[in-house]
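Colleague: Next up is a structure, given as structure tokens.
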Amino acid sequence: MNIDVKSFYCHRVPDQWNRTLEEQSQRAATDKPARLLLEAMQQVEATLDVIVEAESTEKRYSLNIHQGRMDCDAEAQRPPFLVLVHDLETFKTLERESGDSILGFLGTLAGQSEEMKLTSNRLRQLSELNGRARLELTDGPTMSLEARLGVGIHDAEAPRCTLRLPASAYAALKQGTLAPQDAFMSGQITVDGDMNLAIQLALAAVSSD
């Protein structure tokens, strides 16, 4: 497995996550809304797994979150609320498009240009989802990212829905210049399969902190 992938998920992603928490802690010292948001972030106890596929092999990274802080460990400390699955080609795109943000794709779906923060409320909404969803770019760089939502999702299950969008729409969502609802209504985001799961995922992404 490419060492850059290991470095990304075991070091860069947790470091970015924990920097965001520390920055929020600094803002919380003088701002009440920031303090409430910090408390909601520190309430998070969760695990997020990533599976990177390469030819006939795969590597799993367990990102455990305790009191809002993330560490990459050899094993998951609890059943993951979300498992992200992608190949090496998609990794290159994710690294470029999402920076070091593990939830960058959710932030993009929400039309957020800032780092998406995982709070107890957002975790609850994501944990209530069950099924497999796939996000694909229809042009430009390769990106096919599968999100397995809920406990007990098996490898053999087919995705319940696939969201497809052009690279230009992905970029506009990421920059916050295109609202998610406009992207859906204009057909820039197309959904194959279970529309309800796609809507629930989008709503969880845009939910208040």
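Colleague: All but one of (1) more than 28 Å from C10 (Cβ to Cβ); (2) surrounded by 20 or more Cβ atoms within 10 Å (Cβ to Cβ); (3) modelled with pLDDT of 85 or more; (4) touching a Gly at 6+ places or on another chain (Cβ under 9 Å) hold for A198; state the number of the condition that does not hold.
Modeller: For A198, the exception is condition (4).
Colleague: Here is a follow-up. Looking at the stretch 1-34 only, could you name the residues that are of a type in the set (A, V, I, L, M) and assigned to a helix (DSSP H, G or I)?
Modeller: I3, V5, V13, L21, A28, A34
Colleague: Mind checking which pairs have a first residue in the stretch 123-149 that is under 18 Å from F81 (Cβ atoms) and a second that is modelled with pLDDT under 90 and of a type in the set (F, W, Y), Cβ under 8 Å, 6 or more apart or different chains?
Modeller: Hits for this filter: L135/F105; L145/F105; A147/F105.
Colleague: Under 6 Å between Cβ atoms, which residue pairs at least 6 apart in sequence (or on different chains) link something in the stretch 104-117 that is closer than 20 Å to A40 by Cβ and in contact (Cβ under 8 Å) with a residue 24 or more places away in the chain with a partner that is in a helix (DSSP H, G or I) and not polar (S, T, N, Q)?
Modeller: L106/A205; A110/A205; A110/V206; M116/L106; M116/G107; K117/M41
Colleague: Quick check on my filter: what residues within the stretch 106-134 are part of a helix (DSSP H, G or I), surrounded by fewer than 20 Cβ atoms within 10 Å (Cβ to Cβ) and touching a Ser or Thr at 6+ places or on another chain (Cβ under 8 Å)?
Modeller: Passing the criteria: N121, Q125.
Colleague: Quick check on the stretch 115-131. Is at least one of its residues of a type outside the set (S, T, Y) and modelled with pLDDT under 85?
Modeller: Yes.
Colleague: To continue, here is another question. When you check Q181 against the structure, is it over 23 Å from G150 (Cα atoms), modelled with pLDDT under 85 and surrounded by fewer than 18 Cβ atoms within 10 Å (Cβ to Cβ), yes or no?
Modeller: So Q181 fails the test.
Colleague: Does E53 satisfy the condition of being without any contact (Cβ under 8 Å) to a residue 60 or more places away in the chain, surrounded by fewer than 20 Cβ atoms within 10 Å (Cβ to Cβ) and farther than 23 Å from L201 by Cα?
Modeller: For E53, the condition - without any contact (Cβ under 8 Å) to a residue 60 or more places away in the chain, surrounded by fewer than 20 Cβ atoms within 10 Å (Cβ to Cβ) and farther than 23 Å from L201 by Cα - is met.
Colleague: Out of (1) part of a strand (DSSP E or B); (2) over 13 Å from the mean Cα position of the chain (by Cα), what's the single condition that is false for V85?
Modeller: Evaluating V85 over (1) part of a strand (DSSP E or B); (2) over 13 Å from the mean Cα position of the chain (by Cα) leaves (2) as the failure.
Colleague: Quick one: T142 ticks every box in (1) within 18 Å of V50 (Cβ to Cβ); (2) among the polar types (S, T, N, Q); (3) surrounded by 15 or more Cβ atoms within 10 Å (Cβ to Cβ) bar one, so which box is it?
Modeller: So T142 meets the others, but not (3).
Quick grid of which residues meet (1) under 26 Å from R124 (Cα atoms); (2) in contact with a Phe, Trp or Tyr (Cβ under 6 Å, 6 or more places away or on another chain); (3) surrounded by 20 or more Cβ atoms within 10 Å (Cβ to Cβ); (4) not charged (D, E, K, R):
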{"residue": "C10", "(1), (2), (3), (4)": "yes, no, no, yes"}
{"residue": "S25", "(1), (2), (3), (4)": "yes, no, no, yes"}
{"residue": "A29", "(1), (2), (3), (4)": "no, no, no, yes"}
{"residue": "L37", "(1), (2), (3), (4)": "yes, no, no, yes"}
{"residue": "L48", "(1), (2), (3), (4)": "yes, no, yes, yes"}
{"residue": "E58", "(1), (2), (3), (4)": "no, no, no, no"}
{"residue": "G68", "(1), (2), (3), (4)": "yes, no, yes, yes"}
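Colleague: Within the stretch 93-105, how many residues are among the charged types (D, E, K, R) and surrounded by fewer than 17 Cβ atoms within 10 Å (Cβ to Cβ)?
Modeller: Adding up the residues that qualify gives 2.
Colleague: I would also like to ask the following. Looking at the stretch 145-160, is at least one residue closer than 30 Å to Q24 by Cα, at pLDDT 85 or above, acidic (D, E) and not in a loop (DSSP other than H, G, I, E, B)?
Modeller: Yes, because at least one residue in the stretch 145-160 is closer than 30 Å to Q24 by Cα, at pLDDT 85 or above, acidic (D, E) and not in a loop (DSSP other than H, G, I, E, B).
Colleague: Could you identify the single residue in M41, M70 that is touching a residue at least 24 places away in the same chain (Cβ under 8 Å), in a helix (DSSP H, G or I) and not acidic (D, E)?
Modeller: M41
The values are calculated or read from the model by the stated rules, or taken from the named source; none is laboratory data. The structure presented is a predicted model; accordingly, all values stated were derived computationally and were not measured. Glycine gets a Cβ as well: all are built from the backbone with ideal geometry, and neighbour counts include every protein chain shown.
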